[in-house]
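The values are calculated or read from the model by the stated rules, or taken from the named source; none is laboratory data. Because the structure is predicted, anything quoted here is derived from the model rather than measured. When we count neighbours, we look across all protein chains shown, and the Cβ atoms used for this are built from the backbone with ideal geometry, even at glycine. The area values use the complete protein model at the heavy-atom level, side chains included, leaving out ligands, DNA and RNA. Shrake-Rupley method; radii C 1.70, N 1.55, O 1.52, S 1.80 Å.
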Amino acid sequence: MTNKYPPPIISTQPGSWANSTVIERWPKIARRVIEENQFSSRINEQLEVLQADIPHKPIRQLMDQDAPDQKTWKAYIKPHLGKNWLVVPWFFAEMYFYRRVMEAVDYFNLKQDPFSFQKEQGLEKSREDIAVLADFLAEKEKITGKGDKILGDAFYFSLWGNQDDLSLWPADSKKDSRQHPRKNLREHLLANDIKQVLNVFSGRDPAPRRVDVMLDNAGFELVSDLALVDILLSRQLAERVILHVKAHPTYVSDVIEDDLAQTIKFLSESGEGPTAQFGKRIGAYVQEGRIEARAHFFWNCPQALWDLPDELRDDLKDSSLLISKGDANYRRILGDREWDFTTPFHKAVDYLPVPLAALRTSKAELVVGMTLDQIQFVFNQDPKWLVNGKWGVIQYAPAANKSEVNGTR
Ligand code: F6P
Ligand code: MG
């Protein structure tokens, strides 16, 4: 399987985004964990050791032996034992870094999310934007009928919600990634397969039974994803939605199950207006089982999506659409390999049992489905187009076994 794919991205290249993420960003994130929590001196010392290990100390096995994912991580780490952090696949190094944070803060015993402060700040800071989204939902609720435009806008809101990313722009940073109010939801889109995505839903009777979402960040992005889910469920465009969440905190802002509960609580307790009504609708969908959150350690592992474990792969066969949110999930879909940027998306993603819609704002030097003219054009406009989160894609790949009629699911 692996020989058909390009080599993994590594982070040795000085000046590359991957290299600056390892050398500059991860030590700062480890430092912020110390500053933003009241951990014991023993834990803070372990975080300082982690900080100092990056990037030249040899990669080692994890020491939290009683952790539930010990066995799988032992196998993931084995081929990279003793190497420095720059020469191993960048995706492995990044997942390993965040898993080392879990070890340092004794997460599997203390169950204290070391990024909770950032996530709370992020949500608090988004109150106004959330109100705009809630008004949109309240307004659209009155419109009956097909609503392709409404669903399309909901997908765009979910995409641009991905610009909020605390591993890049900490909640208290002046640099606010979101350009809003966004004049036009379609600007800064490098690829837009929205028509194929909407086609999964249009004119389907009965409506798709199930849609799955690989979630990304908590905060405004999760709220924008819940807005999409609200449109899907309230307009009977899907019967139920499975939200795939991380098994433990990672990438600072990524959603764990508790973040979903906190967000629903935050929305529901926001006064009496559209935001609270939105929160209560989501809460009711969860109670009715029309929204189900599922945590799995695979979403925290360094593997490519083509290495999806059988139990997840078989389960996804019941879904009509897998929506992937964000940059790290996009990298996992592509195995974080050195793809030629002009590779057609559906050629690189030809291995899933379910159609895929990837909604991603670019925060890493990897993309597919571009033309050379486009690359030239966007680079001339914005040399940092690949990594500043200002440019997005909505890319669609049909299920691998195209023969299967999607409508039967
Ligand atoms: O760009 C820095 C970075 O941490 C990438 O390494 C990672 O893919 C991305 O940010 C995370 O972004 P997202 O939350 O959209 O997955
Ligand atoms: Mg993330």
Just one of the numbered conditions (1) out of contact with any Phe, Trp or Tyr (no Cβ under 9 Å at 6 or more places or on another chain); (2) over 27 Å from L366 (Cα atoms); (3) open to solvent by 20 Å² or more (accessible area, probe 1.4 Å) is not true of A75; which one? (2)
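Any residue in segment 366-385 that is over 22 Å from L185 (Cα atoms), surrounded by 19 or more Cβ atoms within 10 Å (Cβ to Cβ) and in the same structural domain as W160 (by TED's automatic domain parsing)? Can you show your working first?
The first filter runs over segment 366-385 and keeps only residues over 22 Å from L185 (Cα atoms), leaving 366, 372-373, 376.
After this cut, where a residue has to be surrounded by 19 or more Cβ atoms within 10 Å (Cβ to Cβ) as well, the list is 366.
Still in the running and in the same structural domain as W160 (by TED's automatic domain parsing): 366.
Yes - at least one qualifying residue is present in segment 366-385.
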Specify the residue that is farthest from ligand 1 (Cβ to nearest atom); the eligible residues are those in segment 226-268 that are hydroxyl-bearing (S, T, Y) and over 25 Å from E139 (Cβ atoms). T250
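Count, please, the residues in segment 313-344 that happen to be among the aromatic types (F, W, Y) and either touching an Asp or Glu at 6+ places or on another chain (Cβ under 6 Å) or open to solvent by 10 Å² or more (accessible area, probe 1.4 Å) (or both). Working first, answer last.
Of the residues in segment 313-344, the ones among the aromatic types (F, W, Y) are 330, 339, 341.
With the extra rule that they be either touching an Asp or Glu at 6+ places or on another chain (Cβ under 6 Å) or open to solvent by 10 Å² or more (accessible area, probe 1.4 Å) (or both), the set shrinks to 339, 341.
Of the residues in that region, 2 qualify.
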Within segment 179-215, which residues are assigned to a loop (DSSP other than H, G, I, E, B), open to solvent by less than 10 Å² (accessible area, probe 1.4 Å) and within 16 Å of ligand 1 (Cβ to nearest atom)? L215
Condition test on N84, is it out of contact with any helix residue (DSSP H, G or I) (no Cβ under 8 Å at 6 or more places or on another chain) and open to solvent by less than 60 Å² (accessible area, probe 1.4 Å)? yes
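Of the residues V223, V286, which single one is in contact (Cβ under 8 Å) with a residue 12 or more places away in the chain, part of a helix (DSSP H, G or I) and away from ligand 1 (no atom under 16 Å from the Cβ)?
On the way: V223 fails: away from ligand 1 (no atom under 16 Å from the Cβ).
Going through V223, V286 in turn, the sole match is V286.
Would you check which residues across segment 87-113 are more than 25 Å from R42 (Cα to Cα) and either open to solvent by 40 Å² or more (accessible area, probe 1.4 Å) or without any contact (Cβ under 8 Å) to a residue 40 or more places away in the chain (or both) and list them? Don't jump to the end; show me each part of the working.
Initially, segment 87-113 is screened for residues more than 25 Å from R42 (Cα to Cα), giving 87-92.
Scanning segment 87-113 gives a single hit, V87.
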Give all pairs with beta carbons closer than 8 Å in which a residue from segment 232-252 that is under 20 Å from M95 (Cα atoms) and assigned to a strand (DSSP E or B) meets a residue that is more than 16 Å from ligand 2 (Cβ to nearest atom) and open to solvent by less than 10 Å² (accessible area, probe 1.4 Å); count only pairs at least 6 apart in sequence or on separate chains. H244/D212
